[in-house]
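In what follows, a single structure is set out as structure tokens and then discussed.
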Amino acid sequence: MQRIFSGIQPSGIPTLGNYLGAIRNWVDLQADHECIFCVVDLHAITVFQDPKVLATATREMAAVLLACGIDPVRHTLFLQSTVRAHLQLAWIFNCVARIGWLNRMTQFKDKAGKDRENASAGLYVYPNLMAADIHAYHATRVPVGEDQKQHLELANDIAQKFNHDYGVEFFPNIEPLILGPAARVMSLRDGSKKMSKSDPSDQSRINLNDDADTISLKIRRAKTDPEPLPSEPEGLVGRPEARNLVGIYAALVGTGHAGVLAEHGGKGFGQFKQALADLLVDKLAPIAAEATRLLADPAGLDAILRQGKERAEAIADPIVTEAERLVGFLRP
């Protein structure tokens with residue numbers, strides 16, 4: 001089995017978009033990979049976080065991942081900040097990576113915006129920590145979206161330069177794992193905008209801790225247009241809200257737009273929304289219930305995360321210790 005590493009920031013309860021775009025894929029990957037999954041709280045503080053909010057969000061994220069089907073017995077789930085190997089290797093990589101490489105990172109430019117001089121140094125060297133996250137486990141595959149491919153290219157550049165500088169073949173090449181076209185889930189209030197945890201309106205998204213009544217209400221209130229659903233995908237052109245709801249249904253049942261419209265084309269949105277709400281409740285309500293159960297037992301949740309920490313350390317500590325030896329650090 002190839003080893004996969006992937007992480008997710010604790011930036012609020014995951015949405016339906018996070019689930020269909022990433023988390024569901026993580027669950028599926030467990031069947032034929034050795035998986036290491038991480039709540040990346042170190043990455044989170046590249047921008048200021050209220051400590052209490054961060055602690056709560058980190059615990060909630062871990063609970064939701066478990067509720068979605070991450071298996072902490074066969075695989076590894078832990079909190080990034082609890083495994084010090086990440087920080088140790090990140091400093092080495094800070095000294096291997098070149099300023100010119102980091103200057104080309106488009107995500108820093110996007111996140112820092114016009115006030116880049118006021119951005120944290122952590123945000124600037126974020127890609128080096130991401131590289132350390134992966135290479136600390138000698139992971140060879142990372143599931144990524146288009147926005148993260150550049151970071152993986154940098155992680156490979158860092159590994160190759162380390163290997164070259166120290167005359168070794170120590171860090172392996174990382175292969176981006178592109179899992180086909182990701183379900184792009186848009187806002188329920190504006191079909192031209194991506195569904196986001198940061199949207200001021202909670203009605204714009206389905207959260208993975210929403211109960212059945214909340215899910216049904218949000219779908220009933222979702223923005224649509226006055227026309228019935230078309231019978232062919234071409235009829236969704238210029239109808240972003242209709243396309244979004246059909247896309248959500250298609251992603252949940254594992255079919256394309258054509259398959260959904262073959263069944264529901266010609267119907268009004270009232271009837272289709274009821275079918276979509278029922279489908280969402282069937283898929284997501286068990287996740288919300290399990291996350292609630294896990295959060296009600298913080299000692300049990302912490303025990304799972306401690307076990308994950310120990311398993312992660314057992315893999316990462318020897319790798320990073322060897323990297324330190326190669327660099328020339330003494331351990332008297």
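Evaluate the following for D133: is it modelled with pLDDT of 95 or more, within 16 Å of the chain's Cα centre (by Cα) and not aliphatic (A, V, I, L, M)?
Answer is yes for this residue.
Among residues belonging to segment 178-198 that are part of a loop (DSSP other than H, G, I, E, B), modelled with pLDDT of 90 or more and hydrophobic (A, V, I, L, M, F, W, C), point out the one that is nearest to L252 (Cα to Cα).
If we take residues in segment 178-198 being part of a loop (DSSP other than H, G, I, E, B), modelled with pLDDT of 90 or more and hydrophobic (A, V, I, L, M, F, W, C), then V185 is nearest to L252 (Cα to Cα).
For S204, which of the numbered conditions (1) out of contact with any helix residue (DSSP H, G or I) (no Cβ under 8 Å at 6 or more places or on another chain); (2) at pLDDT below 95 fails to hold?
Among (1) out of contact with any helix residue (DSSP H, G or I) (no Cβ under 8 Å at 6 or more places or on another chain); (2) at pLDDT below 95, the lone unmet condition for S204 is (2).
Please name all residue pairs, on different chains or six or more residues apart, with Cβ atoms under 9 Å, provided the first residue is in segment 152-170 and is of a type in the set (S, T, N, Q) and the second residue is assigned to a loop (DSSP other than H, G, I, E, B).
Close Cβ pairs satisfying both conditions: N156/F171; N156/N173; N156/I174; Q160/F171; Q160/N173; N163/E169; N163/F170; N163/F171.
In this structure, is A288 of a type in the set (A, V, I, L, M, F, W, C) and in contact with a strand residue (DSSP E or B) (Cβ under 6 Å, 6 or more places away or on another chain)?
No; evaluated as a whole, the condition is false for this residue.
Looking at segment 278-287, is at least one residue more than 24 Å from the chain's Cα centre (by Cα), modelled with pLDDT of 95 or more and assigned to a helix (DSSP H, G or I)?
Taking every residue of segment 278-287 in turn, at least one turns out to be more than 24 Å from the chain's Cα centre (by Cα), modelled with pLDDT of 95 or more and assigned to a helix (DSSP H, G or I).
Here is a yes/no grid of residues against (1) β-branched (V, I, T); (2) modelled with pLDDT under 95; (3) touching a Phe, Trp or Tyr at 6+ places or on another chain (Cβ under 8 Å):
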site: E117; (1), (2), (3): no, yes, no
site: A155; (1), (2), (3): no, no, no
site: A159; (1), (2), (3): no, no, yes
site: E169; (1), (2), (3): no, no, no
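Using the structure shown, decide if T321 is assigned to a loop (DSSP other than H, G, I, E, B), free of Cβ contacts under 8 Å to residues at least 24 places away in the same chain and surrounded by fewer than 19 Cβ atoms within 10 Å (Cβ to Cβ).
no
Tell me, yes or no, whether segment 288-311 has at least one residue that is under 16 Å from Q88 (Cα atoms) and either surrounded by fewer than 13 Cβ atoms within 10 Å (Cβ to Cβ) or outside the structural domain of A90 (by TED's automatic domain parsing) (or both).
no
Tell me which residues, restricted to segment 117-162, are under 30 Å from V185 (Cβ atoms) and charged (D, E, K, R).
D133, R141, E146, D147, K149, E153
Go through segment 59-79 and count every residue that is farther than 18 Å from P298 by Cα and in contact with a helix residue (DSSP H, G or I) (Cβ under 8 Å, 6 or more places away or on another chain).
Final tally of qualifying residues: 2.
Report yes if Q88 is of a type in the set (S, T, N, Q), buried (at least 16 other Cβ atoms within 10 Å of the Cβ), assigned by TED's automatic domain parsing to the domain that holds Q150 and in contact with an Asp or Glu (Cβ under 6 Å, 6 or more places away or on another chain), otherwise no.
no
The values are calculated or read from the model by the stated rules, or taken from the named source; none is laboratory data. All of these numbers come straight from a predicted model, not from anything done at the bench. Virtual Cβ from ideal backbone geometry, glycine too; neighbours counted across all protein chains shown.
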